[in-house]
Amino acid sequence: MKERLVQIESDAERAIAQSANLRDIEEARLRFWGKKGELTAVLRGMAALTPEERPAAGQLVNEARARIEARLSEAEARLTRLALEQKIAAETLDITLPGKRRSPGHKHPITLATEAICETFLGMGYQIAEGPEIEIDHFNFELLNIPKDHPARDTQDTFYIDDDVVLRTHTSPVQVRTMLTRPLPIKIICPGRVYRVDTADATHSPVFHQIEGLVVDRGITMGDLVGALSTFAKNIFGEDTKIRLRPHHFQFTEPSAEVDVTCWECGGKGCRLCKNEGFIELLGAGVVNPKVLKMCGIDPEVYSGFAFGLGIERVATCKYNINSMRLLYENDIRFLRQF
Ligand code: DAH
């Protein structure tokens, strides 16, 4: 029995030394001291001894048991401390580490350009008007003097919802809506999204943005248009900017013009950017066609007006020197961060 006890004690010592955590200790305790434990078995074996042998044997077992128990408790205390230390270490907040910052972000160049343009016109007394992006053919085309099957529709091929409903191809239907509903005089600008069946490239996108302008009052002339657009161009591209009108054709204005601004790169002398023109094309404009006024219930004998429409992406790419419109839609943070 003595040998057996020595063996158990050394087994216990090894098991305790190898315990890595409290569960191992608990297992060790069961192994030696549980119902089927090795020490328990030795105790049971004492029944076979003679009454004379029992006290000495009992003492041996008790001593071995006390030593093992002491080792177990000591290891238990050590591992409890260790577990706590590990827990504290894992939960420690390192306040010297930089925090996770959320970048608040900022406005997109299209928004910046829209706001800059709107501000310019608001400063001249214009009001902002809005219209739906899903528009009826009647407003998008017919009342702007673009009848069904007219070739002027070809350049504005669009997404049809059904025969009468389209994704608007320009912001010009807001002119119509405004003339039909607002009292005269009218002085509005209308920023918004428009749609065309265009393949995306450096200067085209099937979805883009425009700003429309419309002024209707007594005695409005082409001179007023030139004044308004010239102020706009100076505000957006700099005080020295001049505008130039070239004759053009739009169904809803008569006369119509394409409006260019002096090249901001060379100041009008001619360079690579403006292809030696000195000017860069920016927008379309004209005097509102009397037919359009009449269709919208305004007497062209009493009232006249001017209108213009410009692409916001065009202004943004020009103003911020961006060489492809696509960059505006890719939403690459490295690009957007620069504005
Ligand atoms: N709606 C025209 C377009 O998208 C732009 C335009 C030209 C608007 C002349 C006008 C205008 O109001 O007078 O191409």
Any chance you could check the Cα centroid distance between the stretch 291-323 and the stretch 1-64 for me, in angstrom? 100
Cα-Cα pairs in the stretch 2-91 separated by more than 20 Å, as a whole percent of all pairs, come to 41
Taking just the alpha carbons, could you work out the radius of gyration and Dmax for the stretch 233-298, both in angstroms? 15.0, 47
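Give me 329, 160 ranked fewest to most by other Cβ atoms within 10 Å of their Cβ, as a rough exposure proxy.
Fewest-to-most Cβ neighbours within 10 Å comes out as 160, 329.
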Hydropathy at least -1.0 by Kyte-Doolittle, axial extent at least 30 angstrom from the Cα trace: which helices of the chain, defined as entire DSSP H runs, fit? 54-91
Within the under-12-Å Cβ sphere about residue 158, not counting residue 158, Lys/Arg +1 and Asp/Glu -1 give a net charge of -3
I want to check a number: in the stretch 109-336, how many lysine pairs have alpha carbons closer than 24 Å, given a sequence separation of 8 or more or different chains? 15
With N denoting the number of residues in the stretch 283-330, provide Rg(C-alpha) divided by 2.2 N^0.38 Å, to two decimal places. 1.77
Quick one: putting +1 on the C-beta of Lys and Arg, -1 on the C-beta of Asp and Glu, what dipole do you get for the chain around its Cα centre, in Debye to the nearest 20? 1160
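Please work out the Kirkwood hydrodynamic radius for the stretch 1-155, using every pair of different C-alpha atoms, and report it in angstroms with one decimal place.
24.5
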Give the residue from 165, 145, 181 lying farthest towards the positive end of the charge dipole for the stretch 105-245; charges sit on Cβ (+1 for Lys and Arg, -1 for Asp and Glu) and the dipole is referred to the Cα centre. 181
Between rounded, prolate and oblate, where does the stretch 29-79 land on the alpha carbon gyration tensor, with a ≥ b ≥ c its root eigenvalues, rounded for a/c under 1.5, else prolate if a/b exceeds b/c? oblate
Fluctuation leader among 11, 299, 224 - the chain, Gaussian network, Cα springs under 10 angstrom: 11
Does the stretch 47-139 come out rounded, prolate or oblate, given a ≥ b ≥ c as the square roots of the eigenvalues of its C-alpha gyration tensor, rounded meaning a/c under 1.5 and, failing that, prolate meaning a/b above b/c? prolate
Kindly point out, ordered by number, any Cys in the chain whose beta-carbon has no other cysteine beta-carbon under 4.7 Å away. 118, 190, 296, 318
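Just the number: Rg to Rh for the chain, Cα atoms, Kirkwood Rh, two decimals.
Numbers: Rg = 43.4 Å, Rh = 26.8 Å.
Reported Rg/Rh (Cα atoms, Kirkwood Rh): 1.62.
Where a number appears in this text, it was derived from the coordinates with a stated rule and is not lab data. Predicted model, so just to flag it, every value in this text is computed and none were measured. All Cβ positions, even for glycine, are placed from backbone atoms using ideal geometry, and neighbour counts span all protein chains on display.
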